[in-house]
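The values are calculated or read from the model by the stated rules, or taken from the named source; none is laboratory data. Because the structure is predicted, anything quoted here is derived from the model rather than measured. Every residue, glycine as well, gets a Cβ built from its backbone with ideal geometry; the counts of neighbours run over all protein chains shown.
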Amino acid sequence: MAKSKVGSPAKVRQVADKLNKSLGLDSAGYDHLSAEDVEFRQIIEEVVDTKLDGTKRYGEEGWMTLGAKDVFVDINRKYTRLRSVLWDDKPIPSSEGITDTCMDLAVYAVLVLMAMRRDERYKDIMEKKIG
């Protein structure tokens, strides 16, 4: 995982303000964020950047060609790569680092959610709780 960029309380506030501004949110009330919460928000910002970069490289509609199942194939591919490193002690593939794999998994998780929300076939299961 990338080294945390969290620093002083002023840095925490600066990061929170930047993210809130990028999301169109009011920054008031975020002084209480823990370092872990700030780090989480920073990673989410990196996930957004990863998605935007992917859109520039591959186009806006590429991921939605076949809907949720198409995105799930990408999730499975990234999951398999991560699992082989974590569970099977296989070497990290030279084509992509683990940070990139994790960022892509986060992007694909949001994309599959978006695809399922847009598809009426998934409406019933989207509202059900698991367990």
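Quick grid of which residues meet (1) surrounded by 14 or more Cβ atoms within 10 Å (Cβ to Cβ); (2) under 30 Å from ALA10 (Cα atoms):
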position	(1), (2)
SER34	no, yes
GLU39	yes, yes
GLN42	yes, yes
VAL47	yes, yes
ASP53	no, yes
VAL71	yes, no
ARG81	yes, no
TRP87	no, no
ALA106	yes, yes
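Which residue, of LEU111, LEU105, LEU66, LEU52, is part of a loop (DSSP other than H, G, I, E, B) and among the aliphatic types (A, V, I, L, M)?
Values: LEU111 fails: part of a loop (DSSP other than H, G, I, E, B); LEU105 fails: part of a loop (DSSP other than H, G, I, E, B); LEU52 fails: part of a loop (DSSP other than H, G, I, E, B).
So the residue among LEU111, LEU105, LEU66, LEU52 that is part of a loop (DSSP other than H, G, I, E, B) and among the aliphatic types (A, V, I, L, M) is LEU66.
With respect to ASP37, determine if the residue is among the acidic types (Asp, Glu), closer than 23 Å to ALA109 by Cα and at pLDDT 90 or above. Let's see the steps before the verdict.
Details: among the acidic types (Asp, Glu): yes; closer than 23 Å to ALA109 by Cα: yes; at pLDDT 90 or above: no.
The answer is no for ASP37.
Please work out which residue is nearest to LYS69 (Cα to Cα), limiting yourself to region 108-131 and to residues that are surrounded by 11 or more Cβ atoms within 10 Å (Cβ to Cβ) and β-branched (Val, Ile, Thr).
Restricting to residues being surrounded by 11 or more Cβ atoms within 10 Å (Cβ to Cβ) and β-branched (Val, Ile, Thr), the top hit is VAL112.
Test ALA10 against the stated conditions and say whether it is outside any loop (DSSP other than H, G, I, E, B), over 29 Å from LEU82 (Cα atoms) and either at pLDDT below 75 or not assigned by TED's automatic domain parsing to the domain that holds GLU96 (or both). Talk me through it step by step, then tell me what you get.
Values: outside any loop (DSSP other than H, G, I, E, B): yes; over 29 Å from LEU82 (Cα atoms): yes; either at pLDDT below 75 or not assigned by TED's automatic domain parsing to the domain that holds GLU96 (or both): yes.
Yes; evaluated as a whole, the condition is true for this residue.
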